[in-house]
């Protein structure tokens, strides 16, 4: 019992030194006269809509009066529709904004818990065009968020002006781009399920300003906007078999693409440069992916397997293509270089995956998933990780990204013989699921980029 | 000497054996107890009662909203036209719940319905930190989805009172449950919500709720560093050390050997000197440090206003440190709030995150944070680290 003693003593001494050193390490600030700043870690917050006050825009001329209120209403609807904001009703406002130039009474807005304030004025210029000025304020910082802005346009385009204001307000408050001044091309559906009439429609993202691009004499499906929003690719049965077609939105003129007349072609999508397209072509029983240069009509075969490859979608940088293939036995998602070549599988969960589409931000891929008899819209990172399902229903399919990569629009079809399809949108957090108003049945939405 | 080692060895072996086998014998008990928790005894009648009550509020919620005006319309002198349209919708909604509402929206291409859209402030409290996936209370958007259902089922679970009102549709249900009320209530906590969600709510709630629930707080990797940052709570977690540490002279008292004392004193002096270098000391007495509860109160106060809902994805990846100077009344000096630094994300993301953090500090500090005035020197300046990692949906 002699030898262990010094050993114990040394360990005791060592541990005591350690303990003391530790205690001084942690407690040393207390010994100082000034304790220094208090350190706090905030890791939990709340998620709730940000209260915004959007008083009616001021009409600076009598002609502008009818637009002033409509514009502020559209702005409020845009912002509240994101689910990120809620509008404080004008009846609760304490100080009334009567002059665009007058200073903001921050205390009055704080009193009603407004965290943001949008003020604006609508006037008309000599040519009769609308001129909209607006400012965004951070009430608690008691400062404007960015400078005032002025937008102009014809009275007919007042909705677009309002959407543009919303885009600016959205991006100033959240720090990321908006998606309000954008359009959606979709397939309008009427008639019973067994004899459904389909035609291409294009409308504002919020369902306003609907125009039809085709008549209902033949079936069309899966329209896709070009990166500039001026052209639409879709698949049409006009010739009796599915063939990809390009349509100029402005002039509503159709262009058949130079594909073999006997081939079945579908699922077209533009490359990010708008110069080429990628699509599926079936010859015999096999379906593979092809790429075509629009100007020259030259085609390149991208895949060559006995399996079915379809639903190609480019990455925003144009370097890669994500697509669905049943080469493993079930539908799964794969990514390959844009010129073709080795594909790697990215979907690894249970069930079948289809209709992938790359987010405009490049960080996520949205897809349709079918599992245990239910359909889901989901997103995953481009390496297949962090898969999250955002929706579930009898039939959800065909996701399309909003220009800012934060919202997804898709088709939801209800069950039964009388089932109809409708467009829905959902935030990538899975929140704010809502129906996009259309006055007919609607499917296959494709979101345009932000309009210029 | 050897015998001592043998004895020690035997003792240790015995202890090890006890730990191994004792553990083995103990473990079945634990699993049994878990099993007991999982078992939920529901008779068929009870189950029927459950499902009946769960469906009952569905129709009840629809019917109540619509019927109230009808009942008023009948006796009141208001024109008959009002009552008839009211009746028609009351017929329509029950067959297909999600469809009719959006139709109304459709008919108005211009989204003029601004006034109804902002949910009243009462809706806010429903948002909880725990389930961001449960979503925001913007009522018009929710209408087409089956979202209202889970809320209603919650009400049923918590309050069995509405039964007299439910009576119009399923009369049997309440009568069945009336006698076994308590039992149903207990089992509902586990069984009923699942039933309602799988059957009715799947459309919107199930996936989003599951996939967006914030991750549980992970054990911080750098405990030591955090302990150092949390100067005051250091007292409590380390009972052995701080007592001798706080007053300098006490340190020698505890040491058993001179060598130890010297080493300790050296280490302490070095560390104290190191720490004393940083603050520019105003020479006046400083009160006792803030207690853990006071710090927690402050943390919660800021958290309540830290609304990450409208933050950009970029900002949600950015951890920022914000400095603020405080007034003695507990209010922040708005002009002093500065961004001290950020980790991850971009500068734009940090700026955007800073604006959100600043809003939180000013908004919740408007009436003064709950901080003890006598310890003002401890919170004259505050550095807050806002880390949205746990709030990010994964």
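The values are calculated or read from the model by the stated rules, or taken from the named source; none is laboratory data. Note that the coordinates shown come from a computational prediction; the quantities given were computed from them, not determined experimentally. Glycine gets a Cβ as well: all are built from the backbone with ideal geometry, and neighbour counts include every protein chain shown.
Residue B:323 - would you say it is touching a helix residue (DSSP H, G or I) at 6+ places or on another chain (Cβ under 7 Å), surrounded by fewer than 22 Cβ atoms within 10 Å (Cβ to Cβ) and either more than 17 Å from residue B:353 (Cβ to Cβ) or within 8 Å of chain A (Cβ to nearest Cβ) (or both)?
No: the conditions fail for residue B:323.
Can you find even one residue in the range A:245-258 that is within 25 Å of residue A:414 (Cα to Cα), surrounded by fewer than 22 Cβ atoms within 10 Å (Cβ to Cβ) and over 23 Å from the mean Cα position of the chain (by Cα)?
No, that holds for no residue.
Results for (1) assigned to a strand (DSSP E or B); (2) under 26 Å from residue A:199 (Cβ atoms), shown as yes or no for each residue.
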position: A:367; (1), (2): yes, no
position: A:376; (1), (2): yes, no
position: A:379; (1), (2): yes, no
position: A:412; (1), (2): yes, yes
position: A:431; (1), (2): no, no
position: A:446; (1), (2): yes, yes
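Checking residue A:333 against (1) in a loop (DSSP other than H, G, I, E, B); (2) within 22 Å of residue A:316 (Cα to Cα), only one condition comes out false. Which one?
With respect to (1) in a loop (DSSP other than H, G, I, E, B); (2) within 22 Å of residue A:316 (Cα to Cα), residue A:333 is out only on (1).
Yes or no, residue by residue, for (1) more than 23 Å from residue A:428 (Cα to Cα); (2) in contact (Cβ under 8 Å) with a residue 24 or more places away in the chain; (3) in a strand (DSSP E or B):
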{"residue": "A:306", "(1), (2), (3)": "yes, no, no"}
{"residue": "A:309", "(1), (2), (3)": "yes, yes, yes"}
{"residue": "A:316", "(1), (2), (3)": "no, yes, no"}
{"residue": "A:360", "(1), (2), (3)": "no, yes, no"}
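Listed here are the residues, each with its yes/no results for (1) more than 21 Å from the chain's Cα centre (by Cα); (2) under 23 Å from residue A:114 (Cβ atoms); (3) in a helix (DSSP H, G or I).
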site	(1), (2), (3)
B:325	yes, no, no
B:341	yes, no, no
B:349	yes, no, yes
B:359	no, yes, yes
B:367	yes, yes, no
B:374	yes, no, yes
B:378	yes, no, yes
B:382	yes, no, no
B:385	no, no, no
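With respect to residue A:169, is the statement that it is under 24 Å from residue A:76 (Cα atoms) and in the same structural domain as residue A:401 (by TED's automatic domain parsing) true?
No, not satisfied.
Going by what's in this entry, would residue A:133 be described as surrounded by 18 or more Cβ atoms within 10 Å (Cβ to Cβ), closer than 16 Å to residue A:72 by Cα, in contact with a strand residue (DSSP E or B) (Cβ under 9 Å, 6 or more places away or on another chain) and free of Cβ contacts under 8 Å to residues at least 24 places away in the same chain?
When the stated conditions are applied, residue A:133 does not pass them.
Can you tell me which of A:422, A:442, A:446, A:402 is touching a strand residue (DSSP E or B) at 6+ places or on another chain (Cβ under 7 Å), under 24 Å from residue A:208 (Cβ atoms), in contact (Cβ under 8 Å) with a residue 60 or more places away in the chain and within 12 Å of chain B (Cβ to nearest Cβ)?
Residue meeting the stated conditions: A:442.
What tally of residues in the range A:136-159 results from selecting those that are assigned to a helix (DSSP H, G or I), out of contact with any helix residue (DSSP H, G or I) (no Cβ under 8 Å at 6 or more places or on another chain) and exposed (fewer than 15 other Cβ atoms within 10 Å of the Cβ)?
Counting residues in the range A:136-159 that are assigned to a helix (DSSP H, G or I), out of contact with any helix residue (DSSP H, G or I) (no Cβ under 8 Å at 6 or more places or on another chain) and exposed (fewer than 15 other Cβ atoms within 10 Å of the Cβ) gives 1.
Go through (1) assigned to a loop (DSSP other than H, G, I, E, B); (2) within 23 Å of the chain's Cα centre (by Cα) and name the single condition residue B:345 misses.
(2)
If you go through the range A:88-107, how many residues are closer than 25 Å to residue B:334 by Cα, within 14 Å of chain B (Cβ to nearest Cβ) and surrounded by 13 or more Cβ atoms within 10 Å (Cβ to Cβ)?
Of the residues in the range A:88-107, 3 are closer than 25 Å to residue B:334 by Cα, within 14 Å of chain B (Cβ to nearest Cβ) and surrounded by 13 or more Cβ atoms within 10 Å (Cβ to Cβ).
Could you list, in sequence order, the residues of the range B:334-354 that are surrounded by fewer than 21 Cβ atoms within 10 Å (Cβ to Cβ), closer than 17 Å to residue A:173 by Cα and either without any contact (Cβ under 8 Å) to a residue 12 or more places away in the chain or at the interface with another protein chain (Cβ under 8 Å from one of its Cβ atoms) (or both)?
B:347, B:348, B:351
I need the full set of residues from the range A:336-358 which are without any contact (Cβ under 8 Å) to a residue 12 or more places away in the chain and assigned to a strand (DSSP E or B), in order please.
A:344
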